[in-house]
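Chemist: Quick one: the structure is below, questions incoming.
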Amino acid sequence: MLLRDDLQPWQRLNVTAFLVSGLAATRPGLIGEPYADADDTAYLPMFRQPVLVLVGSKEILTAAHARALGRGIALSVFTADLFATGHDAANRAAVRAVPRADLDLVGLGLHAPRNAADKILKGARMHP
């Protein structure tokens, strides 16, 4: 996950949750087995691997977006416009209304081999 570094804490959490949902929905191999406690209470499965959350400037997000698309890496995106929408259809309409070069990106989600991810996310730093 790559988040813009000027987001409020609640925005960072919200954006991360939305972005990882795109990965979970399209990459079933990333999801592990369901959990259960000693009393046999069932719990939902989670990601098999840690989710790294990085931050960067607007320029870093724009560059990472272009590099990912150039490498054919599928992305989930969250734009600033989505903070003002109230449901899924409105979210998709807000993204659809803006040309790719003009998207006001505040978050990107991706899963890629480490060497590709490192190149795509160049300049970003670990979330504090």
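The values are calculated or read from the model by the stated rules, or taken from the named source; none is laboratory data. Bear in mind the structure is a predicted one, so any value in this text is a computation, not a measurement. Cβ coordinates were reconstructed from backbone atoms using ideal geometry, including for glycine residues, and neighbour counts include every protein chain displayed. Heavy atoms of the whole protein, side chains included, go into the accessibility calculation; ligands, DNA and RNA do not. Shrake-Rupley method; radii C 1.70, N 1.55, O 1.52, S 1.80 Å.
Chemist: Report, to the nearest 10°, how far helix 9-26 tilts away from the longest principal axis of the Cα atoms in the chain, using its own Cα long axis and a range of 0 to 90°.
Modeler: 70 degrees
Chemist: Sort Lys58, Lys122 by heavy-atom solvent-accessible area, probe 1.4 angstrom, most to least.
Modeler: Largest to smallest exposure gives the sequence Lys122, Lys58.
Chemist: For region 113-128 and region 43-59, what is the centre-to-centre distance using only Cα atoms, to the nearest Å?
Modeler: Value for the Cα centre distance between the two parts: 12 Å.
Chemist: Nearest 500 deg cm²/dmol is fine: what mean residue ellipticity at 222 nm does the chain get from its DSSP H runs of n ≥ 4 alone, each adding -39,500 (n - 2.57), divided by its residue count?
Modeler: -11500 deg cm²/dmol
Chemist: Would you rank Phe83, Phe18 by solvent-accessible area, highest first, keeping every protein chain in place and using a 1.4 Å probe? Before the final figure, lay out the partial values.
Modeler: Numbers: Phe83 60, Phe18 105 Å².
Ranking Phe83, Phe18 by accessible area, largest first, yields Phe18, Phe83.
Chemist: Now for a separate question. What is the distance in Å between the Cα centres of region 1-30 and region 87-106?
Modeler: Between the Cα centre of region 1-30 and that of region 87-106, the gap is 16 Å.
Chemist: Here's a follow-up. What number, in percent, do you get for the relative contact order of the chain if the mean sequence gap of Cα pairs under 8 Å and at least 6 apart is divided by its residue count?
Modeler: RCO, the chain: 37 percent.
Chemist: May I ask you to compute the full-extension gain from Asp39 to Leu69, defined as 0.36 nm times their residue separation minus their alpha-carbon distance, rounded to one decimal in nm?
Modeler: Stretched fully, the Asp39-Leu69 segment lengthens by 6.2 nm.
Chemist: With the other protein chains left in place, how much accessible area per residue, in square angstrom, belongs to the chain at a 1.4 angstrom probe?
Modeler: Result: 63 Å² of accessible area for each residue.
Chemist: Could you tell me the accessible area of Ser76 in Å² (1.4 Å probe, neighbours in place), rounded to the nearest ten?
Modeler: 20 Å²
Chemist: Ignoring ligands, DNA and RNA, what percent of the accessible area of region 17-128 is carbon or sulfur (1.4 Å)?
Modeler: The C+S portion of the solvent-accessible surface of region 17-128 is 58 percent.
Chemist: For the residue pair Asp6 and Ala116, what label-to-label distance in nm results when each label sits 7 Å from Cα along the Cα-to-beta-carbon direction?
Modeler: 3.1 nm
Chemist: So for the chain, what percent of the C-alpha to C-alpha distances run longer than 23 Å?
Modeler: 34 percent
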